[in-house]
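Just below is one structure, and these are the notes that go with it.
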Amino acid sequence: MTRTNRNILVTGATQGIGYSIAKILAEKNNVFICGRNELKLRENAAKLGCKGFFAGDLTQNGTVDLLYREVIDTLGGIDVLINNAGQYVYSRIEATKDDDLKRLVNLNSVVPFKLIRAFVPGMKEKKFGRIINIGSISGVVGEGNASLYSMTKASLMGLTKALALELAEFNITVNTINPGWVDTNLIDNDNLKSEFSEQEILDMIPQRRFVHPDEIGKMCEYLVSDSAKGITGQGLNICAGLTLG
Ligand SMILES: NC(=O)c1ccc[n+]([C@@H]2O[C@H](COP(=O)([O-])OP(=O)(O)OC[C@H]3O[C@@H](n4cnc5c(N)ncnc54)[C@H](OP(=O)(O)O)[C@@H]3O)[C@@H](O)[C@H]2O)c1
């Protein structure tokens with residue numbers, strides 16, 4: 001198996017989609033992972049053969065800078081940034097708490113912006129970069145009773161289109177993958193669950209199935225490859241048909 005040896009940072013790789021992305025990309029590349037749970041990160045890094053990991057809450061002041069330093073010290077720089085860490089909140093707008101508002105805007109929108117801002121100078125120097133944000137179809141078509149989440153995910157599309165224009169001449173592509181319902185722990189927490197049962201959700205999905213996290217990992221693998229160099233500024237919906245209505 002030929003290694004492509006790209007230096008890649010994947011945020012939110014303790015479990016779920018981020019874990020799948022790291023697993024698939026670590027087969028041929030130098031992957032650095034981060035999240036909050038140090039024990040899981042240590043286990044995942046050993047199991048997947050990652051080059052390093054960083055444990056910290058990205059919404060806390062200074063954590064993005066600490067992560068940046070760790071990545072630079074370990075890999076020297078990165079070719080690929082995958083902004084995957086994110087949280088979900090299911091609540092009517094009038095019931096949405098200020099704490100949730102602050103945390104989601106920070107983690108889902110501000111942190112990706114700050115990480116891109118930190119790593120773009122290195123990519124510009126190399127004249128190569130791939131930036132992939134993990135959005136959501138909630139940010140594409142909207143999700144009732146999840147306006148905060150939808151707002152933060154929609155912001156990634158604006159960021160993606162603007163940056164794709166700004167960075168095109170440096171051979172840096174910027175894209176957002178918008179998953180539909182993916183089989184992960186994201187919505188298993190009782191406080192985050194919607195009013196729909198699993199069967200009701202499946203009935204809404206044209207393919208009558210949840211997306212598997214590896215489908216997102218495989219799309220990242222493609223976007224990182226040379227074959228995808230012409231794809232930039234795009235939102236790629238992997239949603240088993242959910243956006244079709
Ligand atoms: N699952 C879906 O149906 C779905 C659909 C559309 C989009 N998405 C998006 O896909 C991404 C991954 O979702 P998932 O389903 O894999 O979620 P998940 O299983 O809950 O995993 C979330 C990851 O983000 C990390 N994370 C959460 N808060 C963090 C913080 N404050 N600082 C640092 N890391 C933090 C978690 O680390 P710890 O475990 O260490 O806390 C974990 O690794 C998210 O952006 C989500 O919005 C998911």
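The values are calculated or read from the model by the stated rules, or taken from the named source; none is laboratory data. Predicted, not measured: the structure shown is a model, and the values here were computed from it. Cβ sites come from the backbone with ideal geometry, for glycine too, and all protein chains shown count toward neighbours. In case anyone asks, the SASA skips ligands and DNA or RNA and just uses the protein heavy atoms, side chains included. Shrake-Rupley method; radii C 1.70, N 1.55, O 1.52, S 1.80 Å.
Considering each of GLY49, GLY77, GLY62, GLY56 in turn, give the residue that is without any contact (Cβ under 8 Å) to a residue 40 or more places away in the chain and away from the ligand (no atom under 14 Å from the Cβ).
Exactly one of GLY49, GLY77, GLY62, GLY56 is without any contact (Cβ under 8 Å) to a residue 40 or more places away in the chain and away from the ligand (no atom under 14 Å from the Cβ), namely GLY49.
If we keep just the residues of the range 2-18 that are more than 6 Å from the ligand (Cβ to nearest atom) and surrounded by fewer than 24 Cβ atoms within 10 Å (Cβ to Cβ), which is farthest from GLN87 (Cα to Cα)?
The residue in question is THR2.
Go through (1) within 12 Å of the ligand (Cβ to nearest atom); (2) part of a helix (DSSP H, G or I) and name the single condition GLU166 misses.
Of (1) within 12 Å of the ligand (Cβ to nearest atom); (2) part of a helix (DSSP H, G or I), only one is false for GLU166: (1).
Name the residues in the range 76-104 that are open to solvent by 50 Å² or more (accessible area, probe 1.4 Å) and either among the acidic types (Asp, Glu) or within 17 Å of ALA154 (Cα to Cα) (or both), would you?
Within the range 76-104, ILE93, GLU94, ASP98, ASP99, LEU101, LYS102, ARG103 qualify.
Would you check which residues across the range 88-119 are under 17 Å from GLY135 (Cα atoms) and free of Cβ contacts under 8 Å to residues at least 40 places away in the same chain and list them?
Across the range 88-119, the qualifying residue is only VAL110.
Given the condition within 19 Å of GLY122 (Cβ to Cβ), in contact with a helix residue (DSSP H, G or I) (Cβ under 9 Å, 6 or more places away or on another chain) and open to solvent by less than 50 Å² (accessible area, probe 1.4 Å), answer yes or no: does some residue in the range 48-55 qualify?
First pass over the range 48-55, keeping only residues within 19 Å of GLY122 (Cβ to Cβ): 51-52, 54.
Subsequent filtering for residues that are in contact with a helix residue (DSSP H, G or I) (Cβ under 9 Å, 6 or more places away or on another chain) retains 51-52, 54.
Of the ones still in play, those that are also open to solvent by less than 50 Å² (accessible area, probe 1.4 Å) are 52, 54.
There is at least one residue in the range 48-55 that is within 19 Å of GLY122 (Cβ to Cβ), in contact with a helix residue (DSSP H, G or I) (Cβ under 9 Å, 6 or more places away or on another chain) and open to solvent by less than 50 Å² (accessible area, probe 1.4 Å).
Taking the range 131-182 only, how many residues are buried (at least 24 other Cβ atoms within 10 Å of the Cβ) and touching a His at 6+ places or on another chain (Cβ under 9 Å)?
Of the residues in the range 131-182, 0 are buried (at least 24 other Cβ atoms within 10 Å of the Cβ) and touching a His at 6+ places or on another chain (Cβ under 9 Å).
Where residues in the range 23-38 are free of Cβ contacts under 8 Å to residues at least 40 places away in the same chain and either more than 9 Å from the ligand (Cβ to nearest atom) or not aliphatic (A, V, I, L, M) (or both), which of them is surrounded by the most Cβ atoms within 10 Å (Cβ to Cβ)?
VAL31
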